[in-house]
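Here's the structure, in structure tokens; my notes come after.
The values are calculated or read from the model by the stated rules, or taken from the named source; none is laboratory data. The model shown is predicted, which means the values in this text are computed figures rather than measured ones. Please note: Cβ atoms are built from the backbone with ideal geometry, for glycine as well, and neighbour counts cover all protein chains shown. Just so you know, the surface numbers come from the protein's heavy atoms only, side chains and all, with ligands and any DNA or RNA stripped out. Shrake-Rupley method; radii C 1.70, N 1.55, O 1.52, S 1.80 Å.
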Amino acid sequence: MAVEWLWLIPALPLLAAGVLTLLPTTAGRAASFVATGSMFLSFVFSGLAWLTTLDQGEFSRTTFDFVWFKTGTAALKIGWVLDPLTAVMLLTVSLVGSLIFLFSVGYLAREERRVTFFAHLSFFAAAMLGLVIANNLLLLFVCWELVGLASWLLIGFWFRKPEAAAAARKAFVVTHIGDMGFFVGMIWLASVAGTLQFFDAGAGCLEETVVHSLGAATILGGLALSTVITLLVLWGAMGKSGQVPLHVWLPDAMEGPTPVSALIHAAAMVAAGVYLLARLFPLLDAVPDSGSLVAVTWVGSLTAFFAALVALGQTDLKRILAWSTISQLGYMMLGLGTGGPAVAMFHLVTHAFFKALLFLGAGSVIQACGHEQDIRRLGGLRRRMPFTFGVYAIGMLALAGFPFLSGFWSKEAIFHSAQVWEVSRIPFVLAVAGALLTAVYMTRQMVYVFFGEHRNSSFQKSFSERAVVTAVPLAALACGAITLGFLGTQAFPLFQEYLEGETAVLAWGDLIGWGSLGLIALSTLLSVGGMALAWGIYRPSQFDPARQQDPLNRWFPRIFRWLENQFFLDEWYRQTVVRGTCLAGRGAEVLDRLIWGPVVRLCAALVQTVAWCSRLADEQLVNRGFDRVCRAVRQGAAWCSERQNGRVQTYIKYVGASLALVVWVLILIDRS
Amino acid sequence: MEVLLLSIKEQLVALFPAVLQPLAGHLLSITPVLGVFAGCFALTTVLERKALGRIQNRFGPNRVGPAGLLQPVADGLKMIFKEDIVPLKADRTVHFLAPVLLATTALLVFSVIPFGQAPDGRHLVPVDLEVGLIFFFAVGSLAELAVFMAGWSSRNKYAMLGAMRAIAQMISYEAPMLLSVLTVVLISGSLSLVDIVGTQAGGFWHWHVLTPWGAAAFLLFLTAALAESNRSPFDIPEAESEIIAGHMIEYSGFKYALFFLAEYLGLFAMTSLAVTLFLGGFHPPIPQLAFVPGPIWFFGKFVVIIAFFIWIRGTLPRLRMDQLLQLAWKFMLPMAVVLLIVAAAWHRISLTWGPVFGWLFCSPPVIMAYLMLGRGGAGKKGGPRVYRYVN
Amino acid sequence: MDSLSDYLLLSALLFSLGLCVTLVRRHAILVLIGIELMLNAANLNFIAFWRFGPNPEALDGLLFVLFSLAVAAAEAAVGLALILAVYRRYSVTDVENIDELKG
Amino acid sequence: MSLTFAIIAAIVLTGAIGLSVLRKTVHCVLSLTIVFFGLAMLYIRLDAPFLGFALVLIYVSAVTILILFTVLLTRNREIETDVSPYSRGSIAGLIVGGSVFAGLIWMIYRAPLSRGITELESPASVKSLGERLMTEYVLPLEVIALLLTAAMIGAVIVAMKDPG
């Protein structure tokens, strides 16, 4: 499929969204059929598009631009780009998206507003796909905002629930705090580069000339212009991708239906931030040792570690997954900052699969257990839902980096690049610690949910976990979670080389080499050790969630309280913002009473004195003359107001007379 | 035949002095059109009365001349010798000008319609205007003014009411009519009727009526043409049983005949336009039949449509005013807009993939729009009638 | 052939007549008609300048008239609606008797 | 000045003068249509037939009918019969109008107008007009469309009877 037809991919779900909006609310079955079908179709088209990028052999990038509209001489161009980055992202989004759509068909079978849901979901997918194919920062920004809007609609889908409405609002506001940075950066880029096209035959803003000139220009403090702009854009990406400190919306977004969480977390919204940075990588990398890459690395590693820590203390099934998403996004950022877009995109793709798998598995569990999400009240599901247990375990192992599953390879690539980062070692250490924690918290969740006794009273025996619409997506995603990693091993980095446009060669030597082997050993150790540690703490014979508190809570109650409450960041924001404002107000009041008040009174006294003097002078001297002037003014005003008689024609007459006057004045000027 | 006609004209023009030649040329183009259509008017009145008679199971006029063919002559004589009455309080000038203006405009519009083509490429058309269609509608819309003048100047409330109704109806139906004609303009890319006919040459499969949008636009156009020329079932403005004869109530004698003439001529103009735009004009249905002259094909198609109109007049009852306006604004206008979009799509699709795909993609939206709009109208029909402008 | 100044003269005459109608007639609708007359005088000027200008292949004058026609149609619709509304409220169409257009 | 132009100008001026002096409003409106016909003829003479017919289509069939309807809906007997059709202070109005006219005339005769005329191969074709409209002037076109819609809705709302 050539690049001219790339627009079809987002157009299909968009069309579906439009059609669904017009459908009556009772046509739920037709709606799910249309939405899922269109999504599968765009997956097929994405596959075709991907094939064309393979055809070219070498690194291929084709663009298709057209003029959107012209005003006078300025023309606004937009267009699409098809290169490996787009192709990979398209494939991931459309495949994972369509599997999630399929799952939703079963998951929301009893929802009354199913049509609306699918309309919003299709709209969301369309916006995301549009974001991916954009060859123009403005178009990307438009789709970016549409993604935000769609996420607001979807998170608040159950808007009658106050928490859901609040969560939707929070997500919207927090991501828009980030978008402000993105917007300013974009405007700035447009004004200095003169174009927002990414690739435009050498004149685009991601191509050699512009990047070079932006890197060469510096502003105050010696920072390169490109660095400043990308830092602003990074602020937007942090909002969308849930990086500390703008991550607060993401755990709350769990209020939406589970497929929505899966879509937001796996392939769509949060990946947008990483994708944006990967797309703008030439600009980030415009100068050697660019400050923005350093910032990306630090933000990513801190987020990875911090979120993994918080996940340890959570008890909500989906919330744990949400925090793990934040943590994994941190890994992607870390990979992007140290190893470039290929590393980050590899983790993004593998993460998309196993995270979607985990969310959909969690959805199955939640549905089977009568919408119970607290892991302390779940348990022993291993026997009752063996299939779900199996696929969930695959997803969990992949996330924890168990050897030879997909997460293992992609995380390994990130360790590899972080280890050789010159600037500092701390990100690497943080990443390693985070990986250990990942294994621990995922094992903890597994043990809570699937092992031990069955503690849930509202378990629905009628729920069938093997229904086609539920089982097929889960099985497909599980396959992906197992196999995808082999595309990008150190020995045969097919994926990375595809993205960078080189031909992959099989090099066992790279795998055997000391550094890689050591890292493989390290990460194996981390994941297995972490799981063993968690098993030791949480195994059913040791610990019974029904009667006991969490062991961590028993041993380190104070630390656990911090973890449980997500380091009190929400509260902290509330306290700082609100209290800051209050304090400022009170300070102003004190200032007012003690200083400005007396000053004003003094001034008043002075003025009164002067006024008294002036009154004397006034009454005696001025009034006589002034009265006369007043009378004249009053008479003049009366004359004028008589002219203003409220009739239209009088006014037109004045206009005409002025016209005549102007004409005659012009003539006279012309003559002299 | 076309060559013959053109050469006769040239011979005659050559007889005049050079200064007068353009004027003579124009006059010579006008005369046949005037004669032919006036003849058509006379014949159609007989034909209509006879056909209506047969539909109502009785004889039509059959006394004057062979098979009643001289009836229009008798009618005309009667009209001319009737007393010309002008009401006392009427505005005499305007009262006089109204039928004149109406008849003039009804005749003027024929000047852009092509009736045939000589083998050397010259067309049998009084004037080949580049903006022929706009001319047609601009001049045609003057009829509204004339109707208003007639109604207002008569100082009669029935006349005024009839004129108001007629104008409301004409304005309402002008919008869907223009839009349905625009589809043809969109496809042929020209406002000149000669060019539009030219794009339909070479067989009936090139005719615009044989496309999904064209068929629907043709039907819309015919309906709107009926309404524009105040014919049954849209004859509310001059319904005898309601407001006697509408704006013509105070007219008698020759002026009345002029109104009558103008009405029929307006109908002929619309029919000619329909033939030209949708049915390939003077082109034969298959190229092998090209030895038959163009005007014959033209008038053949013309007669078919006129017969169709007469048939409709004989069968359908009169509409109510609110139904009439609802049909125009709630069904025909949106339908015409949909057709415009479909025609654009057809243009694109049949250019790239051929007409088969065009049919495949373009007929479903037309049918769907028809079903949806039609159902929307049917929902209203059962409701109580709303009386507006009564108090 | 006629020259540019003929057209300008005619348009000036029309404009002044329109202005006079606007200023002099009592009936609100006639005031509006006067405005229409002035607009059309301006349109005539546009077309004349376009045709007699140095570059009649560029159609800017015509396009301007096209837009001005649309604006004039909108203006007439709104103006007539206003006259109708005023008539409903005060039962007059005489601009002499409508004198509340003041502060 | 050619004979044709003189005839058309005479038609236009007849209409214009008629509309300023006739007593009945409907007559004034009818003579307004004469002005529009004359103007349309002038447009056609200036090689802009599309605009000429558009003028007839818009003004005669739409605007004039609209005005006539309004005239009928706002019938005011006293103006039509007894009172003078001219408002008070019409002398001042005439003076203003006359001085504007004098100024314009003065300017026209002083302006360095070119006497020549560029020959056109064909009248301004509708196609090129449309092409310009869809490329360079697309933004004004959209704005005009918006304006017309807004004006139409506004006119309907203003002229609608209050429900209460």
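Quick look at the numbers
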{"read-out": "Cβ neighbours within 10 Å from other chains - mean over A:653-664", "value": "6"}
{"read-out": "Chain B: DSSP helices with Cα axial extent of at least 27 Å and average Kyte-Doolittle hydropathy no lower than 0.0", "value": "B:21-55, B:157-188, B:253-278, B:294-315, B:333-352, B:355-381"}
{"read-out": "Distant alpha-carbon pairs in region A:256-372 (separation over 16 angstrom), percent", "value": "60"}
{"read-out": "Helix-only [θ]222 nm of chain C, DSSP H runs n ≥ 4, -39500 (n - 2.57) each, per residue, nearest 500", "value": "-26500 deg cm²/dmol"}
{"read-out": "Separation of the residue B:372 and residue B:322 label points, Cα + 7 Å toward Cβ, nm", "value": "2.6"}
{"read-out": "Size descriptor, Kirkwood hydrodynamic radius, that averages inverse alpha-carbon separations across region B:2-376, Å", "value": "22.1"}
{"read-out": "Net lengthening on full extension, residue A:572/residue A:374 (0.36 nm per residue, minus Cα-Cα)", "value": "68.8 nm"}
{"read-out": "Hypothetical label at residue C:71: residues of region C:12-38 whose amide nitrogen lies under 14 Å (7 Å Cα-Cβ projection)", "value": "C:36, C:38"}
{"read-out": "Cα centroid separation - region A:632-672 against region A:76-136, whole Å", "value": "65"}
{"read-out": "Pairwise FRET efficiency - residue C:94 versus residue B:88, Cβ, R0 = 30 Å, nearest 0.05", "value": "0.55"}
{"read-out": "For residue A:160, net neighbour charge (Lys/Arg +1, Asp/Glu -1) across residues whose Cβ lies under 15 Å away", "value": "-1"}
{"read-out": "Inter-label distance, nm, simple model (7 Å from Cα along the C-beta direction), residue A:138/residue A:218", "value": "3.3"}
{"read-out": "Separation of alpha-carbon centers, region B:290-364 and region A:191-208, rounded to whole Å", "value": "51"}
{"read-out": "Dimensionless Rg/Rh of region A:343-417 - Kirkwood Rh, Rg from C-alpha atoms", "value": "1.07"}
{"read-out": "Peptide D:24-35 - average C-beta neighbours from other chains (10 Å radius)", "value": "5"}
{"read-out": "Buried accessible area, chains D and A (both chains, 1.4 Å probe, Å² to nearest 100)", "value": "1300"}
{"read-out": "Estimated FRET transfer efficiency when R0 is 35 angstrom, pair residue A:479-residue A:161 (beta carbons, to 0.05)", "value": "0.50"}
{"read-out": "Exceeding the 22 Å Cα-Cα cut-off - candidates B:50/B:78; B:89/B:255; B:9/D:127; A:240/A:355", "value": "B:9/D:127"}
{"read-out": "With every protein chain in place, the protein assembly as shown: carbon and sulfur % of accessible area (1.4 Å)", "value": "69"}
{"read-out": "For region A:553-564, 3J(HN,Hα) per residue [Karplus equation, 6.51 cos²θ - 1.76 cosθ + 1.60, θ = phi - 60°, Hz, x = Gly/Pro]", "value": "5, 5, 7, 10, x, 5, 5, 4, 4, 4, 5, 4"}
{"read-out": "0 to 90° range, to nearest 10: angle between helix A:569-591 axis and chain A longest Cα axis", "value": "20"}
{"read-out": "Accessible area expressed per residue, the protein assembly as shown, with surrounding protein chains retained (probe 1.4 Å, Å²)", "value": "45"}
{"read-out": "Ellipsoid equivalent to region A:1-59 - semi-axes via the Cα gyration tensor, in Å", "value": "31, 10, 5"}
{"read-out": "Accessible area buried, both sides summed, chains C and A with 1.4 Å probe, Å²", "value": "1100"}
{"read-out": "Net lengthening on full extension, residue A:111/residue A:33 (0.36 nm per residue, minus Cα-Cα)", "value": "26.6 nm"}
{"read-out": "Chain B - mean residue ellipticity at 222 nm from DSSP helices (-39,500 (n - 2.57) per run, n ≥ 4, rounded to 500)", "value": "-22000 deg cm²/dmol"}
{"read-out": "Mean residue ellipticity (222 nm) of chain A, computed from DSSP H runs ≥ 4 via -39,500 (n - 2.57), nearest 500", "value": "-23500 deg cm²/dmol"}
{"read-out": "Mean Cβ count within 10 Å, highest first, over the residues of peptides A:299-310, B:137-148", "value": "A:299-310, B:137-148"}
{"read-out": "Rounded to 10°, Cα long-axis angle of helix A:623-643 versus longest principal axis of chain A", "value": "70"}
{"read-out": "Bins of 20 Å, starting at 0 and running to the largest distance - Cα pair percent for chain A", "value": "17, 44, 21, 11, 7, 0"}
{"read-out": "FRET efficiency estimate (nearest 0.05) - Cβ-Cβ, residue A:638 to residue A:611, R0 30 angstrom", "value": "0.45"}
{"read-out": "Per residue Cα convex hull volume in Å³ - calculated over region C:4-96", "value": "58"}
{"read-out": "Among beta bridges that DSSP assigns inside the protein assembly as shown, antiparallel share in %, nearest 5", "value": "100"}
{"read-out": "Distance in nm between pseudo-label sites at residue A:68 and residue D:127 (7 Å out along the Cβ direction from Cα)", "value": "3.2"}
{"read-out": "Cα Rg, Dmax (largest Cα-Cα span) when computed across the protein assembly as shown, Å", "value": "41.2, 124"}
{"read-out": "Between region A:555-579 and region A:369-384, the alpha-carbon center distance in angstrom", "value": "27"}
{"read-out": "Pairwise burial D:C, computed as accessible area of each alone minus the pair, summed, 1.4 Å, Å²", "value": "7200"}
{"read-out": "Among A:470-480, C:17-27, the order from most to least packed when residues are scored by Cβ within 10 Å on average", "value": "C:17-27, A:470-480"}
